[in-house]
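I have placed the structure first, in the form of structure tokens, so that the comments after it can refer back to it.
The values are calculated or read from the model by the stated rules, or taken from the named source; none is laboratory data. This structure is a prediction, so every number in the text was calculated from the model and none was measured. Neighbour counts run over all protein chains shown; Cβ positions are idealised from the backbone, glycine included.
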Amino acid sequence: MGTPSDMKLIDENGRRLDGRGDEELRPIRITTDVLQRADGSVLMEWGGNKIMVAVYGPREAYPKHTQDIEKAVIKARYNMAAFSVDERKRPGPDRRSTEISKVISEALSAAVMVEKFPRTQIDVFIEVLQADAGTRIASLTAASVAIAAAGIPMRDMVVGCAVGKVEGRIVLDLSKDEDNFGQADVPMAVLSKGKEVVLLQMDGDLTMEEFDMATSMVLNASERIAEIQRNALVEKYKGENYPEIEGSEE
Ligand code: CDP
């Protein structure tokens, strides 16, 4: 990855192309219950990304040979719409979407109480409607909320963010140009309470010091993003009526 000589990613005031500081996130909005037929659904808007997630299950795993007698299998399918990127994307699965589906499925399996639902599958359909860098992390962060919104028991939420290196600086939540022309791109996701790492990929190069700085920036950001996840779920349940619990009145 090299920066074309005419492309300045950091201006003379130290600001990024879209005016952000090094540790500033793009605006994130999570809306639940956007689809009627799904058990849980989310619309994730993260900067210019727009991603729809629909969760179904747990339901009997099919075909039968995919069943695990000890736990539910999470089948995430990440798909990019043909119109989601500048240059029309050829519809259908490709190597990139297969890889992203796999890493998202694995990360979610660490958070969901899969052992409670043997022989079942949990389907997580991810449709990227508009892509603007960081879609795998935005999808995973959204999928975690959609699973919670489906009422599926979880031990923790998955929350992530990309971090990278641009003109020698470590910056959070890369934009499209920073992703394309920067020196490193590191998508990372953690379990929000336990702070276990459940997804970590990297291209480009970082020194060990830079890598430490990058990971601590993601950990800090994950607290901010986890709060947006929690607020989305609180918003979902706020309007619903629950039966009075005897003795609960003051
Ligand atoms: O989206 P993410 O950063 O997780 O994955 P990536 O493979 O690093 O892709 C970075 C960005 O490149 C995507 O978010 C899209 O905006 C763009 N892209 C594209 O324009 N056309 C593709 N076929 C794939 C990605």
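Can you go through GLU115, GLU99, GLU60 and tell me which one is touching an Asp or Glu at 6+ places or on another chain (Cβ under 7 Å), among the acidic types (Asp, Glu) and within 27 Å of ALA149 (Cβ to Cβ)? Reasoning before the result, please.
Working: GLU99 fails: touching an Asp or Glu at 6+ places or on another chain (Cβ under 7 Å); GLU60 fails: touching an Asp or Glu at 6+ places or on another chain (Cβ under 7 Å).
It is GLU115.
Hey, ILE170 hits all of (1) away from the ligand (no atom under 16 Å from the Cβ); (2) closer than 21 Å to VAL145 by Cβ; (3) of a type outside the set (D, E, K, R) but one; which does it fall short on?
(2)
Consider GLY92 against the criteria (1) at positive phi; (2) buried (at least 24 other Cβ atoms within 10 Å of the Cβ): it satisfies all of them except one. Which criterion is unmet?
(2)
Could you grab me the full set of residues in region 175-228 that are under 20 Å from GLU99 (Cα atoms) and under 13 Å from the mean Cα position of the chain (by Cα)?
Selection gives PRO187, MET188, ALA189, VAL190, VAL198, LEU199, LEU200.
Go through (1) loosely packed, with under 15 Cβ neighbours inside 10 Å; (2) modelled with pLDDT of 95 or more and name the single condition LYS195 misses.
Going through the list (1) loosely packed, with under 15 Cβ neighbours inside 10 Å; (2) modelled with pLDDT of 95 or more, LYS195 breaks only (2).
May I ask you to list the residues in region 65-82 that are in contact (Cβ under 8 Å) with a residue 24 or more places away in the chain and among the small types (Gly, Ala, Ser)? Write out each step before concluding.
Keep residues of region 65-82 that are in contact (Cβ under 8 Å) with a residue 24 or more places away in the chain, which gives 66-81.
Matches in region 65-82: ALA72, ALA76, ALA81.
Specify which of the listed residues (PRO118, PRO93) is free of Cβ contacts under 8 Å to residues at least 60 places away in the same chain, in a loop (DSSP other than H, G, I, E, B), farther than 25 Å from PRO27 by Cα and touching a Ser or Thr at 6+ places or on another chain (Cβ under 9 Å).
Numbers: PRO118 fails: touching a Ser or Thr at 6+ places or on another chain (Cβ under 9 Å).
Testing whether each residue is free of Cβ contacts under 8 Å to residues at least 60 places away in the same chain, in a loop (DSSP other than H, G, I, E, B), farther than 25 Å from PRO27 by Cα and touching a Ser or Thr at 6+ places or on another chain (Cβ under 9 Å) leaves just PRO93.
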